[in-house]
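For reference, the structure is listed below as structure tokens.
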Amino acid sequence: MKLYNGDLYWPETYKHISKYKQLNEVITCDVLIVGGGMSGALCAHTLSKLPIKTVLVEKETIGSGSSTANTGLLQYANDKMLHEFIEKLGEEKAVRFYKLCVKAVDDLEVVANELADPVDFIRRDSLYYASSEEDVPKLQKEYDALKKHQFDVDYLDKNAIKKMFSFEKPAALLTKGDAEVNPFKFIHTIIKNAHQKGVRIYEETELQEIGSDEEYMYFQSETGKIAAKKVIYSTGYESIPFAKKIGGKLNRTYAIATTPLPAFPNWTENCLIWETKRPYFYMRTTKDGRIIAGGLDEKINEVPSSKSIIEKHSKLLLQKIKEHFPQYNVDVSHAWVAKFGESVDGLPFIGQHPKNDRVFYCLGYGGNGTVYSMIGAQMIKDLIVYQSNPDAEIVRLDR
Ligand SMILES: Cc1cc2nc3c(=O)[nH]c(=O)nc-3n(C[C@H](O)[C@H](O)[C@H](O)COP(=O)(O)OP(=O)(O)OC[C@H]3O[C@@H](n4cnc5c(N)ncnc54)[C@H](O)[C@@H]3O)c2cc1C
């Protein structure tokens, strides 16, 4: 499955990546992780702290799936607002899920700080603005819901926004506690660290399950075999195992990185910026002075190979940046298009197979895929070690 096309930005920022050998032997382990993207990396990191024999296999190279197209915004606020989740799930579950997302951003910071190399993790506020006057009541409702449940958020009116930025919007929320990261560096550094802690890593190893007995499940690649007591599928958008009620949707989305600037005047504290319109436009800055912007999602489950489609959308994204910051003299330096998976109800697919307690899924669907992957890694660790997690019910696969 082709996951993206175009000129990706992140691989250029990190050249010293470690290589891992192909599986060419017969091995056994306690936990097998299938997939070496953000979800697999965070699962490997979490399990590397425990006396569990863990193996991770990636069919191509580490971080080469959709995680490398990721724009690296780490936000607790979801594509579905808290008040919308409350209407669908009820107050208790919705608030608990939002709190899990806040904690996941904190946990991602802990992970980043545990690594030997920097991964450009920086704490940022997020500006979530009303795209039109009609969206202001929705934003006000969201502010009330967040405030009621003690989330750290400020309401900004037109004048407050004007003082902080060079653009005018009818209203906005400024949420605290978010962050940005270089996802490519993050995955590679996490995997390197997990490998040093004893997790066996194999690249260019595509696995198929071939059977099981009471003790083990058996997997086979072209050149090797693995017997595993448990398996975590962190295979990204390649599998939607329970697609009936909560179904996954695959769309495509566009992103660009710009030429660098020495500074970002009138962009208060380089916060993450997004909006209430759907599909939304969003942008962030990078450590080397670029702007990464994304959006223009299309309900098409296919990545175009034509350069002209990518170019057309990259111009539109650049134009959006200039509508916000007309004084910035920037051009497009990288432009890409990628598949993007979402679940119908806005919640991730995390947890135990409903009929097989040895099989787990950690699938990073959604605009907050990295935050969801962190929640998934912790939750699956609990399900493996303690056979329970108090929040597993919210995101369970057969919900
Ligand atoms: C343009 C774009 C922007 C995004 N921006 C953000 C953002 O700002 N913030 C955010 O939180 N999220 C964002 N996301 C979402 C985020 O990228 C995903 O949620 C996340 O990367 C998914 O990680 P993953 O590990 O689940 O999948 P992947 O990175 O795709 O990893 C899965 C891996 O499994 C491997 N695999 C599959 N089958 C097998 C097999 N049988 N054997 C061995 N290996 C196998 C694949 O090769 C792949 O490397 C964005 C996504 C896109 C496309």
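The values are calculated or read from the model by the stated rules, or taken from the named source; none is laboratory data. Just so you know, these numbers come straight off a predicted model, no measurement behind them. Glycine gets a Cβ as well: all are built from the backbone with ideal geometry, and neighbour counts include every protein chain shown.
Is it the case that some residue within segment 330-345 is polar (S, T, N, Q) and part of a strand (DSSP E or B)? Within segment 330-345 (the criterion being polar (S, T, N, Q) and part of a strand (DSSP E or B)), the answer is yes, since at least one residue qualifies.
Taken as a whole, the condition of being touching a residue at least 40 places away in the same chain (Cβ under 8 Å), crowded, with 20+ Cβ neighbours inside 10 Å, in contact with a Ser or Thr (Cβ under 9 Å, 6 or more places away or on another chain) and assigned to a helix (DSSP H, G or I) does not apply to residue 32.
For segment 135-166, the set of residues classified as surrounded by fewer than 18 Cβ atoms within 10 Å (Cβ to Cβ), out of contact with any helix residue (DSSP H, G or I) (no Cβ under 7 Å at 6 or more places or on another chain) and part of a strand (DSSP E or B) consists of 154, 157, listed by residue number. Looking across segment 36-61 at every residue that is within 10 Å of the ligand (Cβ to nearest atom) and over 11 Å from residue 205 (Cβ atoms), the one that is surrounded by the fewest Cβ atoms within 10 Å (Cβ to Cβ) is identified as 37. Taking the conditions (1) within 30 Å of residue 258 (Cβ to Cβ); (2) exposed (fewer than 15 other Cβ atoms within 10 Å of the Cβ) in turn, residue 75 satisfies each one other than (2). Among the conditions (1) touching a residue at least 24 places away in the same chain (Cβ under 8 Å); (2) outside any loop (DSSP other than H, G, I, E, B); (3) away from the ligand (no atom under 16 Å from the Cβ); (4) under 30 Å from residue 9 (Cβ atoms), residue 123 misses just one, which is (3). Does residue 305 qualify as being over 22 Å from the mean Cα position of the chain (by Cα) and modelled with pLDDT under 95? Against the criterion (over 22 Å from the mean Cα position of the chain (by Cα) and modelled with pLDDT under 95), residue 305 qualifies.
Are any of the residues in segment 8-22 under 30 Å from residue 395 (Cβ atoms) and touching a Ser or Thr at 6+ places or on another chain (Cβ under 7 Å)? Within segment 8-22 (the criterion being under 30 Å from residue 395 (Cβ atoms) and touching a Ser or Thr at 6+ places or on another chain (Cβ under 7 Å)), the answer is yes, since at least one residue qualifies. When segment 79-98 is limited to residues that are in contact with an Asp or Glu (Cβ under 9 Å, 6 or more places away or on another chain) and either within 16 Å of the ligand (Cβ to nearest atom) or of a type in the set (D, E, K, R) (or both), the one that is nearest to residue 272 (Cα to Cα) turns out to be 79.
Hey, does segment 176-198 have a residue that's of a type in the set (Phe, Trp, Tyr), within 11 Å of the ligand (Cβ to nearest atom) and farther than 27 Å from residue 338 by Cα? No, there is no match, as no residue in segment 176-198 is of a type in the set (Phe, Trp, Tyr), within 11 Å of the ligand (Cβ to nearest atom) and farther than 27 Å from residue 338 by Cα. Any residue at all in segment 292-306 that is within 14 Å of the ligand (Cβ to nearest atom), polar (S, T, N, Q) and surrounded by 14 or more Cβ atoms within 10 Å (Cβ to Cβ)? Yes, some residue in segment 292-306 is within 14 Å of the ligand (Cβ to nearest atom), polar (S, T, N, Q) and surrounded by 14 or more Cβ atoms within 10 Å (Cβ to Cβ).
Here are 276, 286: which of them is hydroxyl-bearing (Ser, Thr, Tyr), within 24 Å of residue 121 (Cβ to Cβ) and touching a residue at least 40 places away in the same chain (Cβ under 8 Å)?
286
Within the set 163, 192, the sole residue that is within 26 Å of residue 55 (Cα to Cα), among the basic types (Lys, Arg) and out of contact with any Gly (no Cβ under 7 Å at 6 or more places or on another chain) turns out to be 192.
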